[in-house]
Amino acid sequence: MKKPGAEQLIERLKTDDGYEGQIAECRVFPPREPRYEDLVPPLPGVLAANLCRLSINRFYSHQAEAVRRVRNGENVVIVTETASGKSLCYNLPVLEAILNDPFTTALYVFPTKALSQDQARALHGLISPDEPFDETRGVHSPRFHSFRVAFGAYDGDTPEDVRPQLRRSARVILTNPDMLSFGILPNHNALWAGFFRNLRFVVLDEIHAYRGVFGSHVANVVKRLNRVCAHHGADPVYVCCSATIANPGEHAAALTGAKLSVVNDNGAPSAKKTFILWNPPVLEKTAFRRKSPLTETVDLFARFVRAGLRTIVFAGAKPTVEVILRFTRAKLKSASPRTRARIHAYRAGYLPSDRRRIERELATGKLHGVACTSALELGVDIGSLDAAVINGYPGTIASVWQQAGRAGRRSGDSIAVFVAHPEPLDQYLIRHPEYFFGRPVESAIINPENPYILSQHLKAAANELPLRRDEEPRFGGGYVGLVRDLITSGSLVERRSGVFWAGGDSPAARINLRSASSERYDIRIPGGARIGTMDASNALRYLHDGAVYLHEGDSFLVEKLDLADKTAWVVPKNLPYYTRSLSTENVSIQSERVSKRLGAAKVSFGFVRVAERVKYFRKIRTGDNSIIERRELNYPEEILTTHGLWFIVPEEIIGELRGAALDVMGGLHAVEHAAIAMLPLLAMCDRQDIGGVSQDRHPDTGGPTIFIHDAYDGGMGIAETGYVRIRELLTDTLDLVAGCPCDDGCPSCVQSPKCGNLNEPLDKKAAEIILAGLLT
């Protein structure tokens, strides 16, 4: 089947019976020519010959610059677009160093297992391009020059009988932060001493993924790595790679503790890309209720697959991915069974063998399409795709371009479609295409000194090597106080030679790098088999009694959430609805750190105490998103102490609202919702990372106050970004509210699906007056 071009495809979409003007904007990005540079001195002959076998005869300008800097012993961060050949920037100097000294070792750290496997395949190609890669073999020792280079992925999927051989002989270990934290560092003396003694290179790939809680954990894992390296006499060069972010040098330095030079002049070519902003049509003009973006995404997925376009669809949540797969297969019922079988889902939680099979079938072209979470956003080689569909704003502009870049990686033109949700941020971007396409990407934010995260890693570090007082510069200003607290609690013990871990187990095994909390809930079916896990911070919200849990396309009903045993008991059920929990919050001020004026208003930043209670949930019909039933829940209050910003609305603005007979509380509430919706544009975060509360007279301030806070104990720097950029945040918020065409407020401006008060009261006009008054 001949694939249609972008222009032809757009014309087909516009003439379809279901088209109601969904294309809000269409931009065409022209192709870019490559720029090349020579490597001086050239690579060793055997390595150059292997590159020739792979048809690599020249180097892009950024590759040549990066290799030169690494050869000179510089720490480097390479920041270029997806599919620009960043892996050669570290593979070439590493292999060259091994040729010169066969005892040299290198540690490659990737955020996902899929990337480790993919890069093992790429490394094999550089070493032995004529030999097929056997991904079932744990240790790869292809012949290279006059000796063998052993390498392999060392992660949770690596068979136990393979691991000793990797530890003994591997020159390059490919792993992820999780395995580095609980499997490698705690055993550095007993099992890894030789590897660390000869460690010359540490590669951190896709560092833009290390942000928020995950990034804060990873920064502490790297601090522990640096301690272990120093103990074994190693001082490795750091090579970091990233998609485009606003602060690559600063972010890489925060992760590694090193000073790095930035290589960001991309010399790689790019093919023509057509990018469409797609807005589901309005169904109810009065409430501005729109057609389901899920339905629109499924329609586009099915249409692209029918047209012969190899397509990737991104969705933000695991259940959404499964629903997209199920509905698209149903939509393709008139197509052949072979076509329906050639689309699949991909997400965390699948068995390793299934993930590898899907990756392989994508790379070889066997699959026509895949619906996935951000797990495939990163640089896994999934072959040449023709189209990317992004179901809802993924949280950052950087992620938008990463996901769109998964199509058209190797050859030919491609098309990307962003399907907007009826939520404030999505609709703001639809109404401001110049902002969407022209806005600089965000800064990655981490907070390694978050006390709840740092304390977990101090326990692990003390188990690896005794802690010393002079290590405060490494761990940050709260180091001494936290160590004292851990000694007092009995977790650590002080001796003459330092501070040691007092327990008998490995504290690193308890750390969940993807959550500020170390606790997890098991998800089990009748008979006791475990089908999944969830971190404690999300369990009450998503695994409460009566919740619908989706797993591998199947729906399960949560019959009982056992808080004592931290287990959710589920049963398989084919249900016509999904569930959404709602919670209420109360915020109190613990301490004010800084404050400033915004016009007549006072804006503050500091620590706040948040008391949240999951109070009820809704059953929502899958087909039309109508509410079937609401049920009460009775769970204990959850408490967190975190960073927050707050501002008091001046009395003259409140007087203006009252004079106009507008709802004061409704205006405050609407500003809170809209400002929280817009903050992710300034801070590299997700809407779920933030919370907020508004009160017409808060007891701690004595006035009408709006709070916005981080949703993690100890804070992640998100609210702080909002405080620093408060004028910009409220300007964008006013633009969102005033620019929405609705009359009284809708899901596209001031309504929030998370609101525990069911979006009552809300007053859009009052919100406009408050925001305009604050910005005067």
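The values are calculated or read from the model by the stated rules, or taken from the named source; none is laboratory data. Computed from a predicted structure; not experimentally measured. Here the Cβ positions follow ideal geometry from the backbone for every residue, glycine too, while neighbour counts run over all protein chains shown. When the accessible area is computed, the model is the full protein with side chains, heavy atoms only, and any ligands, DNA or RNA have been set aside. Shrake-Rupley method; radii C 1.70, N 1.55, O 1.52, S 1.80 Å.
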Every residue from segment 494-535 that is under 27 Å from ASP470 (Cβ atoms), open to solvent by 60 Å² or more (accessible area, probe 1.4 Å) and not charged (D, E, K, R): SER497
Pairs with Cβ under 7 Å, 6+ apart, first in segment 632-651 and more than 21 Å from VAL664 (Cβ to Cβ) and free of Cβ contacts under 8 Å to residues at least 24 places away in the same chain, second open to solvent by 60 Å² or more (accessible area, probe 1.4 Å) and part of a strand (DSSP E or B): GLU632/LYS615
The listed residue being of a type outside the set (A, V, I, L, M) and either open to solvent by less than 20 Å² (accessible area, probe 1.4 Å) or touching a Cys at 6+ places or on another chain (Cβ under 8 Å) (or both), out of ASP710, ASP686, ASP700, ASP735: ASP710
Strands (runs of 3 or more DSSP E) fully within segment 445-548 counting 1 or more residues that are of a type in the set (Ser, Thr, Tyr) and closer than 30 Å to VAL614 by Cα: 520-524, 530-535
Any pair with Cβ under 8 angstrom, 6 or more apart, that starts in segment 384-407 at a residue that is part of a helix (DSSP H, G or I) and ends at one that is modelled with pLDDT of 90 or more and charged (D, E, K, R): ALA404/LYS273
Identity of the residue in segment 599-611, open to solvent by 10 Å² or more (accessible area, probe 1.4 Å) and of a type in the set (A, V, I, L, M, F, W, C), that ends up farthest from LEU633 (Cα to Cα): ALA600
Scope segment 310-321; condition part of a helix (DSSP H, G or I) and out of contact with any Lys or Arg (no Cβ under 8 Å at 6 or more places or on another chain); matching residues: PRO319, THR320
Residues (within 28 Å of the chain's Cα centre (by Cα) and either surrounded by fewer than 18 Cβ atoms within 10 Å (Cβ to Cβ) or more than 30 Å from LEU563 (Cα to Cα) (or both)) located in segment 642-669: LEU645, TRP646
Entirely in segment 1-115, the strands (runs of 3 or more DSSP E) that have 2 or more residues that are closer than 30 Å to TYR435 by Cα and open to solvent by less than 40 Å² (accessible area, probe 1.4 Å): 76-79
Residue among VAL172, VAL149 that alone is closer than 19 Å to CYS240 by Cα and either among the β-branched types (Val, Ile, Thr) or more than 30 Å from the chain's Cα centre (by Cα) (or both): VAL172
ALA416 vs. criteria part of a strand (DSSP E or B) and either open to solvent by 10 Å² or more (accessible area, probe 1.4 Å) or modelled with pLDDT of 85 or more (or both): yes
Residue in segment 207-227 that is in a loop (DSSP other than H, G, I, E, B) and open to solvent by less than 10 Å² (accessible area, probe 1.4 Å) present: yes
